[in-house]
Each structure stands twice: as C-alpha cells, then as structure tokens.
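K.L.:
The structure that follows is given in the form of structure tokens.
The values are calculated or read from the model by the stated rules, or taken from the named source; none is laboratory data. Keep in mind the model is a prediction, meaning the values are calculated, not measured. So basically every Cβ, Gly included, is an ideal-geometry build from the backbone, and we count neighbours across all protein chains shown. Just so you know, the surface numbers come from the protein's heavy atoms only, side chains and all, with ligands and any DNA or RNA stripped out. Shrake-Rupley method; radii C 1.70, N 1.55, O 1.52, S 1.80 Å.
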Amino acid sequence: MGGDIDKPVGPFEDSLALMRSDILQRCGITDISVAGYPEGHPRISDQILWRSMAERIRFAEDNSLGISVLTQFSFTPSRVTWFCDRMAHESPDVPLYIGMAGPTDSLQLMRYARICGVSTTIRTLHKLGRTTAKLAMHTDPVSQLQALAHYCATHPSHNVTGVHLFSFGGFVRSTEWIHDAVNAHA
C-alpha cells in the first residue's frame with residue numbers, strides 16, 4: 001500500500017511496517033510525522049487512507065512514539081479545512097501540520113501536483129483548460145494561508161499546529177516569501 005509503486009523496494013511494505021520494526025526507536029527517533037491526504041491519493045481509497053492513519057496513530061500512542069500528521073499540499077482550501085475538521089473529530093490530540101506549496105510558477109506547481117497525487121484538483125483544472133487553470137492555481141501561498149488562518153480562528157477545537165511550506169519554487173524564493181510575510185505583519 002505504501003508509496004506509488006506496486007512492489008515495495010526494500011524491506012518495508014509501508015510506514016507502519018517501518019514503525020513496527022523498532023528501528024526508529026533503536027536509532028533514537030522519538031517523534032514522527034505521517035502523511036495526510038486532504039485530496040485523497042490516486043492509488044489508495046479514502047477509506048484505506050483514514051484506516052491506515054488511525055492504525056499508525058494508535059501504534060505510535062501504544063508505543064510511546066510522538067506522532068503528528070503532515071498533509072500533502074492542496075489547491076483547494078475547502079478540502080484542507082474539511083480534512084482539519086475530520087482530524088479534529090477523529091484525532092483531536094494529534095498535532096496537524098498543513099502542507100502548502102511555496103511560491104512557484106503554475107507549470108512547476110502542476111508538475112509537482114502530478115507527482116504528489118493532488119488528483120482532485122488536477123482533474124478539475126484539466127476540465128477548466130490551461131488558461132483558466134493558471135488563474136485558479138495558487139502559485140503564491142498567501143490565499144491558502146489566509147483561508148487556514150480564518151478556519152483556525154473560527155474553529156477553536158482545531159488541532160492545527162503549524163504549516164509546512166514545500167519549496168517547489170526553490171529554497172531561496174520560499175525563504176524570501178516567509179521573510180516578507182513575517183515582516184508585513186510585524
């Protein structure tokens with residue numbers, strides 16, 4: 001089930017098999033993050049994704065391993081907030097980090113979306129056509145961040161702990177964006 005290939009390469013079938021092996025504990029790793037999929041996964045059903053995440057959370061808790069969830073990036077704030085609501089309901093004590101695509105151009109972002117399996121939005125964008133898709137894509141994370149901030153402000157029981165910025169447009173461009181965003185609100 002793990003990853004995007006039919007047959008695993010290496011000794012671990014998925015992240016739960018890695019967790020069960022005790023190699024993390026032997027290496028001194030005490031905290032992990034597991035993937036969350038607001039837009040689903042192109043090869044794994046939502047039902048299996050949620051069940052698998054629950055198994056990983058349960059295993060971590062039963063074995064005194066700190067756990068958090070880091071989501072894939074999304075182009076659709078409503079899917080992210082839906083995911084946040086479900087996580088707050090099903091796993092309220094698990095820290096949730098929201099993955100966001102850092103500033104980049106629309107073609108680069110579309111390429112990473114295909115690689116990362118951001119399938120719901122990709123299908124919609126293909127239906128809209130290339131010109132409209134460019135307008136619809138969030139190539140600057142400000143609007144995504146604002147939507148998440150609004151969600152957190154209006155849902156006091158959320159478990160959103162932070163944001164993870166995927167630096168698809170490059171590390172320097174991402175750090176410059178963070179610097180400018182922080183200074184704009186200082």
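K.L.:
Determine whether region 75-91 contains at least one residue that is of a type outside the set (A, V, I, L, M) and more than 25 Å from A147 (Cα to Cα).
P.N.:
no
K.L.:
Taking the stated definitions as given, is L70 open to solvent by 20 Å² or more (accessible area, probe 1.4 Å) and in contact with a strand residue (DSSP E or B) (Cβ under 8 Å, 6 or more places away or on another chain)?
P.N.:
Considered against the rule, which asks whether it is open to solvent by 20 Å² or more (accessible area, probe 1.4 Å) and in contact with a strand residue (DSSP E or B) (Cβ under 8 Å, 6 or more places away or on another chain), L70 comes out as yes.
K.L.:
Kindly establish whether R56 is charged (D, E, K, R) and touching a strand residue (DSSP E or B) at 6+ places or on another chain (Cβ under 6 Å).
P.N.:
It is true that R56 is charged (D, E, K, R) and touching a strand residue (DSSP E or B) at 6+ places or on another chain (Cβ under 6 Å).
K.L.:
Which pairs have Cβ atoms under 7 Å, sit 6 or more apart or on different chains, and link a residue in region 35-56 that is free of Cβ contacts under 8 Å to residues at least 12 places away in the same chain to one that is buried (at least 18 other Cβ atoms within 10 Å of the Cβ) and in a helix (DSSP H, G or I)?
P.N.:
The qualifying pairs do not exist here.
K.L.:
Which residues, taken from region 12-59, are open to solvent by 50 Å² or more (accessible area, probe 1.4 Å) and among the hydroxyl-bearing types (S, T, Y)?
P.N.:
Within region 12-59, S15, T30, S33, Y37, S45 qualify.
K.L.:
Within region 35-44, is even one residue within 16 Å of the chain's Cα centre (by Cα), within 22 Å of A101 (Cα to Cα), at pLDDT 95 or above and aliphatic (A, V, I, L, M)?
P.N.:
no
K.L.:
Further question: If the requirement is being more than 30 Å from D62 (Cβ to Cβ), out of contact with any Asp or Glu (no Cβ under 6 Å at 6 or more places or on another chain), modelled with pLDDT under 65 and open to solvent by less than 30 Å² (accessible area, probe 1.4 Å), which of these qualifies: A133, A113?
P.N.:
Selected residue: A133, the only one of A133, A113 that is more than 30 Å from D62 (Cβ to Cβ), out of contact with any Asp or Glu (no Cβ under 6 Å at 6 or more places or on another chain), modelled with pLDDT under 65 and open to solvent by less than 30 Å² (accessible area, probe 1.4 Å).
K.L.:
Tally the residues that are of a type outside the set (D, E) and either open to solvent by 20 Å² or more (accessible area, probe 1.4 Å) or modelled with pLDDT under 95 (or both), restricting the search to region 78-87.
P.N.:
Matching residues across region 78-87 total 6.
K.L.:
Next question. Name every residue in region 32-67 that is in contact with a Leu (Cβ under 7 Å, 6 or more places away or on another chain) and part of a strand (DSSP E or B), in order of residue number.
P.N.:
Within region 32-67, I32, S33, A35, G36 qualify.
K.L.:
Does I5 fit the bill of being on the phi < 0 side of the Ramachandran plot, at pLDDT below 90 and among the aliphatic types (A, V, I, L, M)?
P.N.:
It is true that I5 is on the phi < 0 side of the Ramachandran plot, at pLDDT below 90 and among the aliphatic types (A, V, I, L, M).
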